[in-house]
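Presented below is the structure to which this report refers.
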Amino acid sequence: MTIRTSTGFAADLAVTGSMKALMDGGSIKVYDDTEPATADAAEAGNVIWEIKKDDGDGGVEGLVFDAAAEGRSLVKPSADTWGGATGNGTATYWRLVTSADDGTEATDQPRVQGSCGSTAGSDLYMSNTTLTEDAAVLAKTLAAFSMTLPAS
């Protein structure tokens, strides 16, 4: 239960931009297999929930993070609805990825990865990690999400 960042995320953050600039327009993908050892590794398993932003017209678009940081955290705007259709499976890990990420092993893709669980200490807390197929655009929603940089 450790948040992992890819080599590409660290390099881009160090040199070219903010977490917001890197990840706006992307999505959070939730998978049903063993979490890869690094965020550079290829995805494992099936995407059983892809989280995007409600576009207000019955569809979804890439995520947009709040324009103001909360302390050291990049956060989901409280007024936005983030969610997506679901597949069948048990959520085990997630990745925040850009829209261009193809899921293959790569050291140049900005990614953030963590665990899913229904217990304290899970990186993405879910009241129930067992998902069933529901094709509705916002079948399941995410109430809150934040990423925090380590303390100095």
Requested in this report: Kindly list the number of the only condition in (1) exposed (fewer than 12 other Cβ atoms within 10 Å of the Cβ); (2) of a type in the set (Asp, Glu); (3) in contact (Cβ under 8 Å) with a residue 12 or more places away in the chain that fails for residue 123.
Outcome: (1)
Query raised in the report: Taking the stretch 78-97 as the region of interest, how many residues are within 13 Å of the chain's Cα centre (by Cα) and buried (at least 20 other Cβ atoms within 10 Å of the Cβ)?
Result: 9
Query raised in the report: When you go through 58, 45 one by one, which is the residue that is crowded, with 16+ Cβ neighbours inside 10 Å, at positive phi and in contact (Cβ under 8 Å) with a residue 40 or more places away in the chain?
Result: 45
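For every residue, the table says whether it meets (1) in contact with a Lys or Arg (Cβ under 6 Å, 6 or more places away or on another chain); (2) polar (S, T, N, Q); (3) more than 13 Å from residue 141 (Cα to Cα).
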position	(1), (2), (3)
13	no, no, yes
30	no, no, no
55	no, no, yes
60	yes, no, no
73	no, yes, yes
90	no, yes, yes
Query raised in the report: Which members of the stretch 67-105 meet the condition of being free of Cβ contacts under 8 Å to residues at least 24 places away in the same chain and in contact with a strand residue (DSSP E or B) (Cβ under 6 Å, 6 or more places away or on another chain)?
Result: none
**Report entry** Residue that is nearest to the chain's Cα centre (by Cα) [pool: residues in the stretch 1-33 that are in a loop (DSSP other than H, G, I, E, B) and either under 20 Å from residue 91 (Cβ atoms) or of a type in the set (Phe, Trp, Tyr) (or both)]
**Finding:** 26
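The rows are residues; the columns are (1) touching a Ser or Thr at 6+ places or on another chain (Cβ under 7 Å); (2) modelled with pLDDT under 95; (3) under 15 Å from residue 112 (Cα atoms).
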residue: 46; (1), (2), (3): no, no, no
residue: 54; (1), (2), (3): yes, no, no
residue: 58; (1), (2), (3): no, yes, no
residue: 82; (1), (2), (3): yes, no, no
residue: 87; (1), (2), (3): no, no, no
residue: 90; (1), (2), (3): yes, no, no
Report task. Could you list all residues from the stretch 1-44 that are among the charged types (D, E, K, R), modelled with pLDDT of 95 or more and touching a strand residue (DSSP E or B) at 6+ places or on another chain (Cβ under 6 Å)? Result -> 29, 32, 35
Query raised in the report: Does the stretch 106-115 contain any residue that is among the charged types (D, E, K, R), out of contact with any Phe, Trp or Tyr (no Cβ under 7 Å at 6 or more places or on another chain), closer than 17 Å to residue 37 by Cβ and touching a residue at least 40 places away in the same chain (Cβ under 8 Å)?
Result: no
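The values are calculated or read from the model by the stated rules, or taken from the named source; none is laboratory data. Just so it is clear, the structure is predicted and the values come from calculations on it, not from any experiment. Neighbour counts are summed over all protein chains in view; Cβ atoms, including those assigned to glycine, are modelled from backbone coordinates with ideal geometry.
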